[in-house]
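The values are calculated or read from the model by the stated rules, or taken from the named source; none is laboratory data. Owing to the predicted nature of the structure, the values given are computational and were not obtained by experimental measurement. Note that each Cβ is placed from the backbone with ideal geometry, even for glycine, and that neighbours are counted across all protein chains shown. When the accessible area is computed, the model is the full protein with side chains, heavy atoms only, and any ligands, DNA or RNA have been set aside. Shrake-Rupley method; radii C 1.70, N 1.55, O 1.52, S 1.80 Å.
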Amino acid sequence: MPRALDLTAVTPYADHLGDGLVQLSFTLPVPYGLAARRAAQEWAAKMGFEHPEVVHYQELTDGYTYFVMFAESKQTVDYESLSHEGFDIEYMGEDEIETFAAEHIGRPVVVVGAATGTDTHSVGIDAMLNLKGFHGHHGLEGYKSFETHNLGSQVPNSVLVARAIDLHADAILVSQTVTQQNLHIANLTELVEMVEAEGRRKQLILTCGGPRVSNELAKELGFDAGFSKGTYPHHVASFIVRELAARIASSRDGVATTA
């Protein structure tokens, strides 16, 4: 009989449920040898892992050693509480998004996007906005319900905000693919401040994405949503049409209440 799963105390699984086994890979700036192997085991033990075992290690270059290790962790997480905090979003498919937008918005949703600041990588914003998209998923340009404007890479926040205002945009999508010294945080914060200074925060849906962006970080910085690795265009589109529809409905209710 299968063992009951306790979602309030979830731990990693490998050979059997609840064994806590994990696989780690990392590099230490030490010369290859038995001392390096011992150093890796001691580091894992100090991190709280039990029974750390190095199953592979090799010299990357002079003075650097790469390790693959198995170990056990007794730490647990309360998945059940997390699943009730808005992390589980029900994403719609492409056809569902088109139908939803037609019924609840009734016009093209205008989205302006760019890789901002010093970010030269446009692959993320292109994947979300351009027709080709990626991995068999159309970008927002391929949706009848969206009007998209991809400004490319290395776009100053001031230019992005000005363009969004000129186009009467509904949403701004910012991509931050590669950053150093947490420059993405300063850049994203600046964008929110500029939108607020223009008095457009209530009118614009602000979203951002990138490998170092999470939904929690995005909201902390003042955005409406953040998207990280594993995001497809329909994930972004689902959020934008639902958020815009909710704002339109709220605006209508407000007008009706004050009439």
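List of remarks:
- Whether the range 74-221 is rounded, prolate or oblate, judged on the alpha carbon gyration tensor where a/c under 1.5 counts as rounded: rounded
- Only Cα pairs under 8 Å and 6+ residues apart enter the sum, and on that basis the relative contact order of the range 1-106 stands at 30 percent.
- Relative to its Kirkwood radius, the Cα radius of gyration of the chain gives an Rg/Rh of 1.08.
- Helical contribution to [θ] at 222 nm, DSSP H n ≥ 4, -39,500 (n - 2.57), averaged over the chain, rounded to 500: -11000 deg cm²/dmol
- Axial C-alpha extent at least 30 Å, average Kyte-Doolittle at least -1.0 - helices from the chain (DSSP): 233-258
- Global geometry of the range 5-120, whether rounded, prolate or oblate, following the gyration tensor of its Cα atoms and the 1.5 cut on a/c: oblate
- Measuring nothing but how far apart in sequence close Cα pairs (under 8 Å, 6+ apart) lie, relative to its length, the range 126-219 scores a relative contact order of 23 percent.
- Accessible heavy-atom area order of Y57, Y143, highest first, probe of 1.4 Å: Y57, Y143
- Contact order normalised by residue count of the chain, Cα under 8 Å, 6+ apart, percent: 15 percent
- Loop-exposed GluC sites (Glu not before Pro) per DSSP, neighbour cap 15 Cβ within 10 angstrom, longest uninterrupted part of the chain: 91-197
- Checking every one of the trypsin sites (Lys or Arg not before Pro) in the range 189-259 against DSSP loop status and a limit of 13 other Cβ atoms within 10 Å picks out K202, K229.
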